[in-house]
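K.L.:
Please see the structure below; I have some questions.
The values are calculated or read from the model by the stated rules, or taken from the named source; none is laboratory data. On a predicted model such as this, the values are computed, not experimentally measured, just so you know. In this analysis, Cβ positions are derived from the backbone assuming ideal geometry, glycine residues included, and neighbour counts consider all displayed protein chains. With ligands, DNA and RNA removed, areas are computed over all heavy atoms of the protein, side chains included. Shrake-Rupley method; radii C 1.70, N 1.55, O 1.52, S 1.80 Å.
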Amino acid sequence: MKKLPYIKGLSLLLLLSGTSTPVFAGSEDVVVENAWSRASIGVNRPGAAYMTVRNTGEDTVTLTGLTTPLAMMPEIHETKTNAEGVSSMAPAGEITIEPGQSVALKPGGLHAMLMKLQNPMIEGETFPLTLTFSDGGEVTVEVPILGIAARGPES
Amino acid sequence: MQRRHVVQYGAAGVGAVALMLGVGWWRVDGPGAPKPAGQRPLPLSAMDFRLTDHEGNEVGPETLIGRPTMVFFGFTYCPDVCPTTLSDISGWLEDLGNEAAQMNVVFITVDPARDTVEAMAEYVGYFHPAIRGWTGPANQIARAAEGFRASYERVPTEGGDYTMNHTASVFLFDAKGELVTMIDYHEPREFAVPKIRRALTEYVEGAT
Ligand SMILES: [Cu+2]
C-alpha cells in the first residue's frame with residue numbers, strides 16, 4: 001500500500017494545477033485481511049475472491065471498483081437468497097465503509113467476482129487484486145488461491 | 001407474512017405480470033417460472049425425469065429410492081453459492097463419516113448447455129467422492145426441477161456471458177423417497193448435520 005503525505009492545503013493546490021498526483025482522503029487507512037480465493041477449472045468459468053476490508057482511519061471510505069491482471073472484468077458482486085430459497089447475484093455497486101468499520105466479502109454474500117479470467121487460477125499460487133476508492137487511492141492485496149472446495153482462509 | 005404481502009400487492013402484481021407477458025414468457029410460464037413459496041417437493045416416487053450421471057449412467061428419481069438422499073441444484077459456472085454449498089455438503093459428509101456412507105448425494109445442474117457429462121465429472125471430482133453430478137436435456141432438467149419445486153432462471157451478464165439464479169436449498173429425502181426436510185443456504189452446520197441424521201434415522205426405521 002502506497003502512502004503519501006496528506007496535506008489539506010496541498011490537496012487543493014494539486015487539484016487546481018491539474019496534476020494527477022493522488023492525494024488520498026481515507027483510503028490510506030484501509031487494511032485488507034484474510035484474502036483468499038478458489039482455484040478455477042480453466043479460464044471459462046468466473047472466479048471469486050473473498051476478504052475483509054477494514055477502515056482504520058477517521059474518514060468514511062467508498063470502495064468503487066477492482067482491477068487485477070488476472071481478470072478482464074473484476075467486479076464486486078453480492079449474492080442474495082430470497083424467501084423462496086432462490087440465490088441470485090448482481091453487481092453490488094459502491095461500498096461505503098464508515099471509520100472503524102469493516103466489510104466482509106464472504107461466501108454467499110459480497111464477493112470479488114473475477115470475470116473473463118486471463119489465466120487459470122491454480123491452487124497454491126497468488127494474484128494481485130487492487131481495490132480502488134472514491135478518493136483516488138488504491139490498495140493492492142496479494143490473494144492466495146486455495147483449492148476449489150476450500151471453505152475459507154483457514155481450511 | 002408472505003401471504004399478506006401477496007394479497008396487498010396482488011393488484012400491482014397482475015399489472016406487472018401482464019407487462020412481462022410479451023418478453024418474459026420463459027420466466028412466467030417456462031422452466032424458470034418462480035414457484036410459489038411453501039410448495040413442498042413431491043415424493044421421489046411421484047417424480048418423472050431421465051438424466052445422466054457424471055459417469056454416463058442413466059438415472060432418474062427411482063435411482064434414489066432405497067437409500068436416504070440429499071439433492072442440490074446448481075451449475076459449474078457458479079463462482080460463489082455452488083462451490084460453497086458443495087464444500088459445505090462435503091464437510092457434512094466428513095462429519096457424518098460412516099453414517100453417511102449409504103446415502104445418495106446428487107448435484108443436478110440447471111445449466112445443461114454448459115454442464116456436459118464431462119464437465120460435471122471434472123467438477124464433482126474436486127468435492128466429496130459421494131457426490132454425483134447429474135445432467136441431461138433441458139426439458140428433463142426442467143421436469144426434475146418441477147418435481148423438487150426448485151426454480152432457476154438464466155440471467156445475462158455484462159460481456160455476453162450468463163449466470164443462473166437457482167434454488168440453493170439442499171433437499172433431504174428418506175429411503176422411501178419422502179421429503180424429510182430442507183437445509184437452507186446459510187444454515188449453520190450445527191443445524192444441518194442433525195437434519196441429515198434425521199433422514200438417516202428414518203432410513204433405519206424404514207428398514208426394520
Ligand atoms: Cu458474482
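K.L.:
Could the peptides B:162-168, B:43-49 be put in order, highest first, of the mean number of other beta-carbon atoms found within 10 Å of their residues?
P.N.:
Details: B:162-168: 23.3, B:43-49: 16.7.
In decreasing order of mean packing, B:162-168, B:43-49 become B:162-168, B:43-49.
K.L.:
List the aspartates and glutamates whose Cα sits under 17 Å from the Cα of A:LYS116, skipping any in the same chain fewer than 8 residues away.
P.N.:
Correct list for A:LYS116: A:GLU75, B:ASP80, B:GLU158, B:ASP161.
K.L.:
Just reorder A:ILE122, A:ILE145 by solvent-accessible area, largest first, 1.4 Å probe, all chains present.
P.N.:
A:ILE122, A:ILE145
K.L.:
Using modelled amide H (1.01 Å from N, peptide plane; none on Pro or chain starts), what sits under 5 Å from the amide H of A:VAL86, excluding residues fewer than 5 places away?
P.N.:
Amide H neighbours of A:VAL86, under 5 Å, 5+ apart: B:ALA168.
K.L.:
Give the average, rounded to an integer, of partner chain Cβ atoms located within 10 angstrom of each Cβ in B:116-128.
P.N.:
2
K.L.:
Another question about this same structure. B plus A alone minus the pair: what accessible area, both sides summed, probe 1.4 Å, in Å² to 100?
P.N.:
The B and A chains share an interface burying roughly 2500 Å².
K.L.:
While we're here: When only the heavy atoms of the protein chains count and the probe is 1.4 Å, how do B:GLU178, A:GLU58 rank by accessible area, highest first?
P.N.:
The most accessible residue leads, giving A:GLU58, B:GLU178.
K.L.:
If I stretch the segment between B:GLU158 and B:ARG197 completely, what's the gain in nm (0.36 nm per residue apart, minus their alpha carbon distance), one decimal?
P.N.:
That pair, B:GLU158 and B:ARG197, stretches by 9.8 nm at full extension.
K.L.:
Using r as the Cβ-Cβ distance of B:ASN98 and A:ALA104, and R0 as 41 Å, what FRET efficiency do you calculate, to the nearest 0.05?
P.N.:
0.70
K.L.:
Cα centroids of segment B:59-74 and segment A:38-106: how far apart, whole angstrom?
P.N.:
After rounding, the separation between the Cα centres reads 34 Å.
K.L.:
Which far-off residues, 5 or more places away or on another chain, put their amide H under 5 Å from the one on B:TYR162, with H placed in the peptide plane?
P.N.:
It is B:THR157, by chain and number.
K.L.:
If you don't mind, another one. Under 5 Å between amide H atoms, partner at least 5 residues away or on a different chain: which partners does A:MET72 have, H built in plane at 1.01 Å?
P.N.:
Those qualifying (amide H under 5 Å, at least 5 residues apart or on another chain) are A:LEU117, A:GLN118.
K.L.:
On average, how many beta carbons from a partner chain sit within 10 Å of the beta carbon of a residue in A:84-96? Each step should come with its number before you reach the end.
P.N.:
On the way: counts 12, 14, 13, 16, 8, 9, 4, 2, 0, 0, 0, 0, 0.
Whole-number average of other-chain Cβ neighbours for A:84-96 is 6.
K.L.:
Enter the per residue convex hull volume of segment A:91-155, computed from alpha-carbon coordinates, in Å³ rounded to the nearest integer. Write down the numbers at each step before the final one.
P.N.:
Numbers: hull volume 8.5 nm³, N = 65.
Taking the convex hull of the Cα positions in segment A:91-155, it is 130 Å³ per residue.
K.L.:
Averaged across the residues of B:157-168, what count of C-beta atoms belonging to other chains lies within 10 Å of each residue's C-beta?
P.N.:
Whole-number average of other-chain Cβ neighbours for B:157-168 is 5.
K.L.:
Just the Kirkwood number for segment B:37-207, please: inverse of mean 1/r across all distinct Cα pairs, in Å, one decimal.
P.N.:
Values: mean 1/r = 0.0625 Å⁻¹.
Final number for the Kirkwood radius of segment B:37-207 is 16.0 Å.
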